[in-house]
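Trainee: One structure, pasted below without further comment.
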Amino acid sequence: MCKRIRNQPPLAVCPLLSFLRLLSGTRRSQTGSPAKNACVKGVCTLNFKYVDIAIRNIPLKEGVDVFLVRVKERLSPPRLVQMRSQIDIMANILSEAVKGAKKTRIMYRCNLSHRQLQRYLKLLSGMELLKSVSKEESDETDYFKTSAKGRAFLNAYRRLRALMA
C-alpha cells in the first residue's frame with residue numbers, strides 16, 4: 001500500500017509510483033513545471049500533460065495484491081492538421097466532379113477511403129447535388145457529374161469560405 005510520509009515526496013515512498021516515473025521518463029505539466037504526483041488513502045495519482053492516471057493497491061490476501069488503474073483524459077493533444085468537415089468533403093467531391101469524374105478519381109483526389117466515398121456519393125446523389133451518368137446500354141454507372149443544384153451549392157460554399165477568410 002502506498003503511504004505518504006510527512007516531509008518526503010510521494011515518489012520516495014511508493015515503489016509503484018517510482019516505477020511508473022521511470023517508465024514515463026521526464027514529464028512536464030501544461031505550465032512547464034514538473035508533473036505533480038500524490039498518494040492519498042492508498043490511491044496514487046500521476047498527472048501528465050494530457051492524462052491523469054490513478055492507481056489503487058488492493059491487498060487480497062497475504063502476498064497477493066491487485067492494482068486498479070483508472071486513466072482519465074484531460075485534454076486532447078493539439079492537432080497539427082485541422083480535420084475537414086463534412087461540408088468541406090462534400091464541396092471537394094462536387095468540385096472534382098464538375099466536368100465528370102469516375103469513382104477512383106474522386107476517391108484519390110479527395111483523399112477518401114472507398115467506404116467514405118460510397119457514403120458521400122449516396123448522400124450527394126440523394127440530395128440531387130450529384131448525378132450518375134451511365135452509358136445507354138448499361139445500368140452500371142460510368143461516371144459522376146455535378147448537377148445544377150450542386151454547382152449552386154459550390155458557389156454558395158465558396159462565397160461563405162471567402163467571407164470567413
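Values quoted throughout were computed directly from the atomic coordinates according to the rules given, and no laboratory measurement underlies them. Keep in mind that this is a model prediction, so the values were computed, not measured. Counting neighbours? That spans all protein chains shown, and the Cβs are built from the backbone with ideal geometry, glycine included.
Trainee: Starting from the Cα of Asp139, step 7 Å along the direction of its Cβ; do the same at Leu163; then give the gap between the two resulting points in nm.
Mentor: For the pair Asp139/Leu163, the computed spacing is 4.4 nm.
Trainee: Once amide H atoms are built 1.01 Å from N in the peptide plane, which residues 5 or more positions from Ser147, or in another chain, come under 5 Å H to H?
Mentor: Leu130, Lys131
Trainee: Figure the gain on full extension for Ser132 and Ala156 (residue separation times 0.36 nm, minus the Cα-Cα span) and round it to one decimal in nm. Could you put the intermediate results ahead of the total?
Mentor: Numbers: separation 24, 0.36 × 24 = 8.64 nm, distance 2.23 nm.
Value of the extension gain: 6.4 nm.
Trainee: Pairs of Cα atoms under 8 Å, at least six residues apart: use those to get the relative contact order of the range 90-145, whole percent.
Mentor: Numbers: 56 pairs, mean separation 21.7, N = 56.
Dividing the mean separation by the residue count of the range 90-145 yields 39 percent.
Trainee: Okay, next question. Please pull out the direction-averaged projected area of the range 86-164, using the convex hull of its alpha-carbon atoms, in nm² to one decimal place. Could you put the intermediate results ahead of the total?
Mentor: Working: hull surface 21.1 nm².
Averaged projected hull area, Cα only: 5.3 nm².
Trainee: So how do Ser125, Ser147 line up by other beta-carbon neighbours within 10 Å, fewest first? Present the calculation step by step, with values, prior to reporting the outcome.
Mentor: Numbers: Ser125 15, Ser147 18.
If I rank by nearby Cβ atoms, fewest first, I get Ser125, Ser147.
Trainee: How far apart, in nm, are the 7 Å Cα→Cβ label points at Gln82 and Arg115?
Mentor: 2.7 nm
Trainee: For a Förster distance of 41 Å, can you work out the FRET efficiency between the beta-carbons of Ser125 and Ala54, rounded to the nearest 0.05?
Mentor: Details: r = 50 Å, r/R0 = 1.22.
For Ser125 and Ala54, the calculated efficiency is 0.25.
Trainee: How far is it, in nm, from the label point at Lys99 to the one at Val71 when both lie 7 Å from their Cα along the line to the Cβ?
Mentor: Those two pseudo-labels are separated by 4.9 nm.
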